[in-house]
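Please treat every number below as a calculation from the coordinates, not as lab data. This is a predicted model, so every value here is computed, not measured. Using ideal geometry, Cβ is built from the backbone for each residue, glycine included, and neighbour counts are taken over all protein chains shown.
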Amino acid sequence: MKKLSLLLALVVAGALVLAGCGGKSSGGGGGEVVDLGTIELKDYEFVPNQLDLKAGVTYKVTLKNTGTQVHDFTIEGTNYSKVVQPGATETLEFKLDKPGTYTIVCVQPGHKDLGMYFTTEVK
Ligand SMILES: [Cu+2]
């Protein structure tokens, strides 16, 4: 009987330790997101138009459309794209697994031709 209650105490203590670890890891490690801040979508440019990116990192960017047209933030060759209405602010999370040169572009008709794109290196 004593042995059984000791065992029970150990099991309860173990469960508490596990619960403690679980709480910590959900707050920090693993799903870390790096905030890139705000990029303005103007008629017809991105400001700023430089990003310092690393492969395998999850980034969050805030997209603020200060222009008069609908704009979007599209990473060519990926499924990442976010349309932002004039005056609106949206956020986009993305992760690029392969290093290389990527083009960020607004795919609204004619906008790329007006210069609304930039290239960025992912290391
Ligand atoms: Cu645009």
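In nanometres, what is the gap between the two model label sites at Gln85 and Glu32, each 7 Å from Cα along Cα-to-Cβ?
3.7 nm
Obtain the nm distance between the two label points defined at Thr68 and Asp43 by a simple spin-label model: each point lies 7 Å from its Cα along the Cα-to-C-beta direction.
Label at Thr68, label at Asp43, 0.3 nm between them.
Label Lys112 and Ala55 with points 7 Å out from Cα along Cα→Cβ: what is the distance between them in nm?
Calculated label separation equals 2.3 nm.
Among the aspartates and glutamates, select those whose C-alpha is under 19 Å from the C-alpha of Lys60, and discard any that sit fewer than 8 residues away in the same chain.
Counting by Cα, and skipping residues close in sequence, Lys60 has these aspartates and glutamates nearby: Glu32, Asp35, Glu40, Asp52, Asp72, Glu76, Glu90, Glu93, Asp97, Glu121.
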